[in-house]
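The values are calculated or read from the model by the stated rules, or taken from the named source; none is laboratory data. Note that the structure is a prediction, hence the values are computed from the model and not measured. Cβ sites come from the backbone with ideal geometry, for glycine too, and all protein chains shown count toward neighbours.
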Amino acid sequence: MYKKNSLRLLPLIALFICSFVYATKDNYVSEWVQNTLLETLSVSYSDTPKDNEPIQKKYSQAAWEPMSNFFDEEIKIIKEQQLVIHPKPLTEPTIERIQHCISIDCWKVDQSYNIPELHMDVDFSVRVIKASPATNSPFLIQSLNMKVHRY
């Protein structure tokens, strides 16, 4: 009798373990995205293009382009006013697994940030995939959309 009940619980235990593993990986992905966006947005008037190279490697070319365009517009103010940018998350990251993607592991992460020095809030929506083992990063931001709200 005891053995029969144990066998009935086995699928439930397996489901719980799989859910836990997925949740843990999702948390790791959302933390990585948050840290990457914070690192990317934390710029200084004294930064050089070479300073951005390690960060840029965490983005595909298609994803880096909107970020680069954003900074092209803001860099003049940052340099003229000798600003050091201190972004702050406004929201917790929300994460969603994407089923039809070029990679087996693919997520959409949304999060908003405040950039007080530039008087703006920015909403990000990024698609993240598992990075190639040859890179020094576990993930790659494949695409990035951003919406800027000035105040």
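Miscellaneous remarks
- Test: residue in region 101-122 that is in contact with an Asp or Glu (Cβ under 8 Å, 6 or more places away or on another chain), at pLDDT below 95 and part of a strand (DSSP E or B): no
- Among the criteria (1) closer than 23 Å to residue 28 by Cβ; (2) modelled with pLDDT of 95 or more; (3) part of a helix (DSSP H, G or I), the one residue 54 does not fulfil is (2).
- Residue in region 8-31 that is closer than 20 Å to residue 121 by Cα and either at pLDDT 90 or above or in a helix (DSSP H, G or I) (or both) present: yes
- Qualifying residue in region 72-86 (condition: surrounded by fewer than 16 Cβ atoms within 10 Å (Cβ to Cβ) and assigned to a strand (DSSP E or B)): yes
- Failed item, numbered, when residue 150 is tested on (1) at pLDDT below 90; (2) surrounded by fewer than 12 Cβ atoms within 10 Å (Cβ to Cβ): (1)
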